[in-house]
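First comes the structure, then the notes that go with it.
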Amino acid sequence: MLKRVREDQSKSGSSPSDRHSELTRFVDRVGGLMHALNWLKEEYGYVDASWIPTLADVFNISQAEVRGVISFYHDFKLKPPAVHTIKICQAEACQSLGARQLTKDIEAKFGTNLGSRTSDNRVELEAIYCLGLCAVGPSVQVDDRLIARATPDSVSLSIE
Ligand code: FES
């Protein structure tokens, strides 16, 4: 769960040695880089690019490898998230239960398209492919909350 999105992670005041210290606790863990990236995501909501050199140094891998892991996993982002992220399931079971129309309705309601965010940075719409609620779709995730049998109204209410 996201603790708090800080305004500007790159200027959060932590020095390179502070950052190194923060990350070394993950080095001896299996999948340590993933743990470190998840910690950054939970702490800041994204992985600021200014952390990449330190991540590479701490885990003794190249910066390209760090970027490769970040870009492979959809949940790791290199820029701050919108205030609310709405993930609409686009997988087959949800499509058979109305996900395409729901997506159009949500896009119209918020005035932005899937893969984009509102100009005031309040809402970002993302596609996701299965939330494990296939029998009760169409399914949507709003921030950390799952919504079964989602409607534009239930989605809208969940961010107010
Ligand atoms: S297909 Fe949408 S939740 Fe599984």
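Here, each number is a calculation from the coordinates, and none is a lab measurement. What you are looking at is a predicted structure, and each value in this text was computed from that prediction instead of being measured. So basically every Cβ, Gly included, is an ideal-geometry build from the backbone, and we count neighbours across all protein chains shown.
Overview of values
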| quantity | calculated |
| --- | --- |
| For Lys77, Lys104, order by how many other beta-carbon atoms lie within 10 Å, fewest first | Lys104, Lys77 |
| Charge dipole magnitude, Cβ of K and R +1, D and E -1 - segment 49-97, Cα centre, debye nearest 20 | 180 |
| Nonlocal amide H pairs with Ala91, under 5 Å, H built at 1.01 Å | Cys130 |
| Cα Rg, Dmax, segment 70-122, angstrom units | 12.6, 33 |
| Cα-centre dipole for segment 9-72 with unit charges at Cβ (Lys and Arg positive, Asp and Glu negative), debye to 20 | 80 |
| In Hz, Karplus ³J(HN,Hα) per residue of segment 125-136 (6.51, -1.76, 1.60; θ = phi - 60°; x = Gly, Pro) | 9, 10, 7, 9, 10, 5, 10, x, 10, 4, 6, 10 |
| Most mobile of Thr85, Thr24, Thr103 in a GNM of the chain (Cα contacts under 10 Å) | Thr24 |
| Shape parameters for the chain, alpha-carbon atoms, Rg then Dmax in Å | 17.7, 52 |
| Sequence-distant residues sharing a close amide H with His84 (under 5 Å, placed H) | Val123, Glu124 |
| Of Pro53, Pro81, Pro138, the one that fluctuates the most in a GNM where the chain has Cα springs shorter than 10 Å | Pro53 |
| Gaussian network model of the chain, springs between alpha carbon atoms under 10 Å - residue of Ile88, Ile61, Ile147 with greatest fluctuation | Ile61 |
| Whole-Hz couplings from phi, Karplus 6.51/-1.76/1.60, listed for segment 112-118; x for Gly and Pro | 8, 9, 3, x, 10, 10, 5 |
| Degrees between helix 63-72 axis and first principal axis of the chain (Cα, 0 to 90, nearest 10) | 20 |
| Long-range tail of P(r) for segment 9-72 (Cα pairs > 17 Å, %) | 31 |
| Residue-averaged [θ]222 nm for the chain, counting only DSSP H segments that reach four residues, each worth -39500 (n - 2.57) | -11500 deg cm²/dmol |
| About the Cα centre, charge dipole magnitude for segment 84-158 (Lys/Arg +1, Asp/Glu -1 at Cβ), debye | 100 |
